[in-house]
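Quick notes on the structure that follows.
Throughout, read-outs are computed from the coordinates displayed, never taken from laboratory work. Treat the numbers as computed from the prediction; the structure is a model and nothing was measured. Note that we place each Cβ from the backbone using ideal geometry, even for glycine, and neighbour counts take in every protein chain shown.
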Amino acid sequence: MLQVKTPVDAIKIIKESFKGSISATEILPLHACMGRVLACDIHADQNVPNFNRSSVDGYAVRAADTFGCSDSMSAIVKLRGVVNMGEGAMFSIAPGECAYVPTGGAIPDGADAVVMLEYTESYGGGEIGILKPAAPGNNMVYIGDDVFPGKTVLKRGRVVRPEDIGALAALGICEVSVVRKPVVGILSTGDELVEVSETPSAGQVRDVNSSMLYAAVQSFGGEPVCLGIVRDGYVRLRNALNAALESCDMVLISGGSSVGQMDSTCAVIDERGKLLLHGIAMKPGKPTIVGNVDGKPVFGLPGHPLAAHFVAKVFVKPLIEQMLCCSTRNCSVKAVLTEAVSANHGREQYSGAILFDKDGVTYVEPVHSKSGLISTLAGCDGYFVVPRDCEGYAKGTEIEVII
Ligand code: AMP
Ligand code: MG
């Protein structure tokens, strides 16, 4: 019999046991940083922009020269010059003068606002009519408005997104210190498994978990390595685990995690290191093992692909994030159940969910799946959880669906 832990306790045990396992850092070129975790705060050492610039095509003016003007009574100012893109303003503006400035162009000294071209007219002979009064600062971006020296632009632990890369580029940062991805070895065990490229005979199944867990680890921010299929048997699994631990920071073994005759994951972890838990009160996913071997986390995931999927999501993801010193939020939506969902087994229940909108309401259709199946989950938009102490939900209940 498994001594099951609640999911909450299991997460606590896992995180606590590996709180010292923090990945090292590495320096990457800026373009390679997407999705990576920043290893340190990024402080600006310069102003962006580094000159006052216009946010519109128009005329840079002294705002005071435009006060009181209107469509019917323009303020007439003298065109002092034209500012070209990519050049500084070579002149300054005196009272009664203006300068043409394109969007992003430099504002000449003396000007304190820009009037959009649409609110001006040219009378020839260098005379420009302003048809709308400007307040000081109108349509101007000042030196350092975006970033100024000392400003913390991005915080350590941030998962880099395209807009962050834009901000780093603006600062001239070409190389970034990021947390190295933990290398996660993936082993599939079972005499019945064949490669994805093979046609299974009766009694055989394709190795779904290697590919699925590879993708999952990638999405969690780790560096997956598929180590292949290991046939059932204690010695074979022990040898495969030993080899995996030489090059990996974490190992996921799927299959053989229960208490069957051919299930040796528990015994191998127990012999090689410390068994932290065997059994989690969740469905699917009960026969889950977590161990500490040579200071490295080793997971024994259930062989059923659906179970392996949820266990990876709920327990492997937070540990990888802890090793990366980051944490991401689940994205969820509230939706109304299209049918009742039962659950009365004292285990946290995970189900796939399909979302759709009708008459302005978001509905969720639960996907009933035996844990041996995977394709049902493949078309889902997300999943939802029925807590351990809840006997289920009535049709029409609003629940939270994790995307
Ligand atoms: P086990 O956890 O080894 O008892 O396996 C439970 C079920 O999951 C069995 O039906 C296995 O055939 C299946 N299974 C185990 N490993 C995999 C895998 N890598 N891909 C697909 N199915 C698997
Ligand atoms: Mg098996």
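Observations, loosely collected:
- Residue list for the stretch 235-277, restricted to those being within 15 Å of ligand 2 (Cβ to nearest atom), out of contact with any Gly (no Cβ under 9 Å at 6 or more places or on another chain) and either assigned to a strand (DSSP E or B) or closer than 18 Å to N292 by Cα (or both): A267
- Candidate set from the stretch 175-197 (those that are within 10 Å of ligand 1 (Cβ to nearest atom) and touching a residue at least 40 places away in the same chain (Cβ under 8 Å)); member that is surrounded by the most Cβ atoms within 10 Å (Cβ to Cβ): L187
- Any hit, the stretch 198-220, residues being free of Cβ contacts under 8 Å to residues at least 12 places away in the same chain, of a type in the set (D, E) and within 13 Å of ligand 1 (Cβ to nearest atom): yes
- Hits in the stretch 263-290 (condition: closer than 18 Å to K15 by Cα and away from ligand 1 (no atom under 16 Å from the Cβ)): G273, K274, L275, L276, L277, A281
- The strands (runs of 3 or more DSSP E) located wholly in the stretch 319-401 that include 2 or more residues which are of a type in the set (F, W, Y) occupy 348-358, 382-386.
- Count of the stretch 91-117 residues, restricted to those that are hydroxyl-bearing (S, T, Y), in a loop (DSSP other than H, G, I, E, B) and in contact (Cβ under 8 Å) with a residue 40 or more places away in the chain, is 1.
- Within the stretch 292-306, the presence of a residue that is within 16 Å of ligand 1 (Cβ to nearest atom), in a helix (DSSP H, G or I), touching a Gly at 6+ places or on another chain (Cβ under 6 Å) and in contact (Cβ under 8 Å) with a residue 60 or more places away in the chain is excluded.
- Criterion applied to A10, A63 was being of a type in the set (A, V, I, L, M), in contact with a Phe, Trp or Tyr (Cβ under 7 Å, 6 or more places away or on another chain) and in contact (Cβ under 8 Å) with a residue 24 or more places away in the chain, and the one residue passing it is A10.
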